[in-house]
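Colleague: My structure is below; once you've seen it, I'll send some questions.
The values are calculated or read from the model by the stated rules, or taken from the named source; none is laboratory data. Predicted model only: the values in this text are computed from it and were never measured. Every residue, glycine as well, gets a Cβ built from its backbone with ideal geometry; the counts of neighbours run over all protein chains shown.
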Amino acid sequence: MLRGMRKASSNWVGKTIMAVVMGVLIISFGIWGIADIFRGFGQSTLAKVGHTEISLNEFRQIYTDRLQQIGRQFGRPLTPDQARAFGLDRQVLQQTIAEAALDENARQMGLGQSDEQVRQLIMNDPNFKGVDGKFDANRFQGLIRNFGYTEQRYVAEQRKVALRRQITGTIGAGIEPPKTMLEVATRFQNEQRSIEFVRLDTAQAGTIDPPSPEALAAYFEDHKVQFRAPEYRKIVFAMISPEEIAKWSDVSDDDAKKLFDQRKNQLSTPEKRQIKQIVFPDAAQAQAARERLVGGMSFEDLGKERGLTASDVDLGLVTKSSLEPTVGNAAFALPVGEISQPIQGPIGVSIVKVEKIEPGAEADYAKFAADVKRSIATERARTKVGELRDKMEDERGAGTSVADAAQKLGLTAVTIDAVDRSGRAPNGQPVANIPPGLDVVSQAFNSDVGVDNDPISFKGGYVWYDVLAITPSRDRNLDEVRDQVEARWRQDQIATKLKAKATEMVQKLEQGGKLADEAAAVNAKVESASGFKRDDTPAGVPANIVAAAFRTAKDGVGQAPVTGGTEVIVFRVTDIVDPAVDTASDAVKKLKESVGKSLTDELVASYVNKLETDIGTTINQAAFAQVTGANQ
């Protein structure tokens, strides 16, 4: 948008138009006032729930964190357009408003949470416990840092979460799913069916004579829309990325060896030791335990005396860095089989024993040279990417086409003569010269010829593109698609014959016929599947047949097409098992917990909706669009 304004104002006509536009804006601010345009919001406020304000920066942080989390799950960052397409912008806004409503409700009711309560809440979080089962400050700092939190922000957020849980916990307290609901749900989940079935395919369809020219032409006319040529676009794009630019860079061995030496410890395979450890509250107890261990008692037996399991005692194969430093230093100085002296640590006094040692391996430069050089070249290329981006934007701002700008800057411009929305060429094959993951085709179909498009972020770099031409969708004539039309006509003929044969077979079975006899009559074999549930995928039984079997009574028969109708399955339900409900079973307990959570969630949602209505909720749509990129 800004580039367009700069371009528009670069000549006297554009300057005149821009002066008029800015004059209208100034007049509108003069008449209505800036405050009215924002409908009573401060410029830094995105939403207001009662007296609780959600600031622009606060929501931007929440929204960015959420997108980054999802990006990590996808393995690549989400663009603002993709996030809006998934509806993430509205989901995050609704969640943030719901949390603010609960925060406002907690404030109105005077709820509070002491510093000590918040501290205990965090220290009892299993995510922050180390191998010893105790709170690990380093693990805590590392995890919250990975999710973009400072300690202060995380503690403040947990205080809010605790207060919200006081409210939601009260709402859901005592909710018990009805016994009848659990029984019905359990029977529905665990009901089992058995079937026998016959597959009818092209062999049972019989001979299909080729269509006459008249029949083929008539079929084509009736189904012309299925053979319509899609819209095609001619596009050109140019890409810069650290990976591409790094290919041009030469890295000397001297530079590579310097970085290798810095990262040698990371690249080397560290020594690992299988260690057993028991922690005692004081040195006296640790010393007494050591004497018993030296006397022949096993770590496992000593652990049992102290209420520890074998997995509590045996840490497994661990590296020195994964242990608390004082314990690690002592354990990695011991020979195999020796029991350590008492080791004073921050959480108690430990006794350890080394059961096995796996030696480490020092990294060899020759093995890692190519990777190290590639890393250096890529890092250097990041700076080059920024320089080329600025130059490319300058060229684009001056009206230079993508192809010409790429040529000036020494970049490779890729031209695709024709591509449809699905990324296929006119021959029906995927276009080969578009890098995997680059969404340039859909972007081009949302643009037009002559439009100055914003670059696409891709692999740490940028992609610029132009739409050069548009070939509209059109009806093809029969000669262009004769082979496709005949193949589709043949499929339809097969499907029609199989449908008729399956219907005839079902009618005979309903009149008392046997499936084995009917199968033999059409030279097919009888197959079976037994004891499957609704969500099962028994071998050789398509999902739609499983669903159809659960809609059919015992000894009932049915049919369903498979693979577009060129295969039809006829089946009979031979057995139905309605399981007994064991309310004490783990499965029913899990179901009860799941149903109870769902009921609680529904009540909480209703409560929050009522809260938002009663205390008043307003949204600054302009600020929301600004954060989510909807106004770009």
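Colleague: So which residues in region 508-538 are surrounded by fewer than 16 Cβ atoms within 10 Å (Cβ to Cβ) and in contact with a Phe, Trp or Tyr (Cβ under 6 Å, 6 or more places away or on another chain)?
Modeller: Across region 508-538, the qualifying residue is only R534.
Colleague: While we're here: Regarding region 335-352, can at least one residue be identified that is in contact with a Gly (Cβ under 7 Å, 6 or more places away or on another chain) and of a type in the set (S, T, N, Q)?
Modeller: Checked region 335-352: no residue is in contact with a Gly (Cβ under 7 Å, 6 or more places away or on another chain) and of a type in the set (S, T, N, Q).
Colleague: Quick one: in region 259-291, which of the residues that are charged (D, E, K, R) and surrounded by fewer than 13 Cβ atoms within 10 Å (Cβ to Cβ) is nearest to V349 (Cα to Cα)?
Modeller: D282
Colleague: If you check T400, T415, which single one turns out to be assigned to a strand (DSSP E or B) and over 30 Å from K224 (Cα atoms)?
Modeller: Within the list T400, T415, the selection yields T415.
Colleague: Among the residues of region 118-157, write down those that are of a type in the set (S, T, N, Q) and either buried (at least 17 other Cβ atoms within 10 Å of the Cβ) or closer than 30 Å to L308 by Cβ (or both).
Modeller: Once the filter is applied, which keeps residues that are of a type in the set (S, T, N, Q) and either buried (at least 17 other Cβ atoms within 10 Å of the Cβ) or closer than 30 Å to L308 by Cβ (or both), region 118-157 yields Q120, N124, N127, N138, Q141.
Colleague: Follow-up question, since we're still on this one. In this structure, is T583 in a loop (DSSP other than H, G, I, E, B) and hydroxyl-bearing (S, T, Y)?
Modeller: yes
Colleague: Inspect all residues belonging to region 368-384 and state whether any of them is farther than 30 Å from Q484 by Cβ, at pLDDT 90 or above and assigned to a helix (DSSP H, G or I).
Modeller: no
Conditions (1) touching a strand residue (DSSP E or B) at 6+ places or on another chain (Cβ under 9 Å); (2) surrounded by 13 or more Cβ atoms within 10 Å (Cβ to Cβ); (3) at pLDDT 90 or above, marked per residue:
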| site | (1), (2), (3) |
| --- | --- |
| A406 | yes, yes, yes |
| V414 | yes, yes, yes |
| V419 | yes, yes, yes |
| R424 | yes, yes, yes |
| P430 | yes, no, yes |
| F445 | yes, yes, yes |
| E480 | yes, no, yes |
| A487 | no, no, yes |
| V506 | yes, yes, yes |
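Here is a yes/no grid of residues against (1) modelled with pLDDT under 95; (2) surrounded by 18 or more Cβ atoms within 10 Å (Cβ to Cβ); (3) in a helix (DSSP H, G or I); (4) in the same structural domain as E510 (by TED's automatic domain parsing):
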{"site": "G564", "(1), (2), (3), (4)": "yes, no, yes, yes"}
{"site": "K589", "(1), (2), (3), (4)": "yes, no, yes, no"}
{"site": "K592", "(1), (2), (3), (4)": "yes, yes, yes, no"}
{"site": "K597", "(1), (2), (3), (4)": "yes, no, yes, no"}
{"site": "T600", "(1), (2), (3), (4)": "yes, no, yes, no"}
{"site": "L603", "(1), (2), (3), (4)": "yes, no, yes, no"}
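Colleague: I would also like to ask the following. Can you give me the number of residues within region 323-344 that are surrounded by 13 or more Cβ atoms within 10 Å (Cβ to Cβ) and either assigned to a helix (DSSP H, G or I) or of a type in the set (K, R) (or both)?
Modeller: Qualifying residue count, region 323-344: 5.
Colleague: Does region 287-296 contain at least one residue that is in contact (Cβ under 8 Å) with a residue 12 or more places away in the chain and under 33 Å from the mean Cα position of the chain (by Cα)?
Modeller: Checked region 287-296: no residue is in contact (Cβ under 8 Å) with a residue 12 or more places away in the chain and under 33 Å from the mean Cα position of the chain (by Cα).
Colleague: Given the residues A549, A560, which is the only one that is surrounded by 14 or more Cβ atoms within 10 Å (Cβ to Cβ) and more than 19 Å from D201 (Cβ to Cβ)?
Modeller: Among A549, A560, only A549 is surrounded by 14 or more Cβ atoms within 10 Å (Cβ to Cβ) and more than 19 Å from D201 (Cβ to Cβ).
Colleague: If we scan region 465-473, do we find a residue that is in a loop (DSSP other than H, G, I, E, B), in contact (Cβ under 8 Å) with a residue 24 or more places away in the chain and under 30 Å from D250 (Cα atoms)?
Modeller: no
Colleague: Which residue is modelled with the lowest pLDDT, if the candidates are limited to region 109-138 and must be farther than 21 Å from V279 by Cα, outside any helix (DSSP H, G or I) and of a type in the set (S, T, N, Q)?
Modeller: By that ranking, first place goes to Q113.
Colleague: How many of the residues making up region 78-112 are buried (at least 16 other Cβ atoms within 10 Å of the Cβ) and under 20 Å from I171 (Cα atoms)?
Modeller: Residues flagged as buried (at least 16 other Cβ atoms within 10 Å of the Cβ) and under 20 Å from I171 (Cα atoms) within region 78-112 amount to 11.
Colleague: Which residue, of P242, P210, is assigned by TED's automatic domain parsing to the domain that holds E393, in contact (Cβ under 8 Å) with a residue 12 or more places away in the chain and not small (G, A, S)?
Modeller: One residue alone meets the criteria, P242.
Colleague: Does region 443-466 contain any residue that is farther than 30 Å from I235 by Cα and of a type in the set (K, R)?
Modeller: No, because not a single residue in region 443-466 is farther than 30 Å from I235 by Cα and of a type in the set (K, R).
Colleague: Further question: Identify, please: which residue in region 163-176 is touching a helix residue (DSSP H, G or I) at 6+ places or on another chain (Cβ under 6 Å) and not in a loop (DSSP other than H, G, I, E, B) and is, among those, nearest to I122 (Cα to Cα)?
Modeller: Among them, the one singled out is L163.
Colleague: Kindly check whether there is at least one residue in region 528-545 that is part of a loop (DSSP other than H, G, I, E, B), among the small types (G, A, S) and more than 42 Å from the chain's Cα centre (by Cα).
Modeller: No, region 528-545 contains no residue that is part of a loop (DSSP other than H, G, I, E, B), among the small types (G, A, S) and more than 42 Å from the chain's Cα centre (by Cα).
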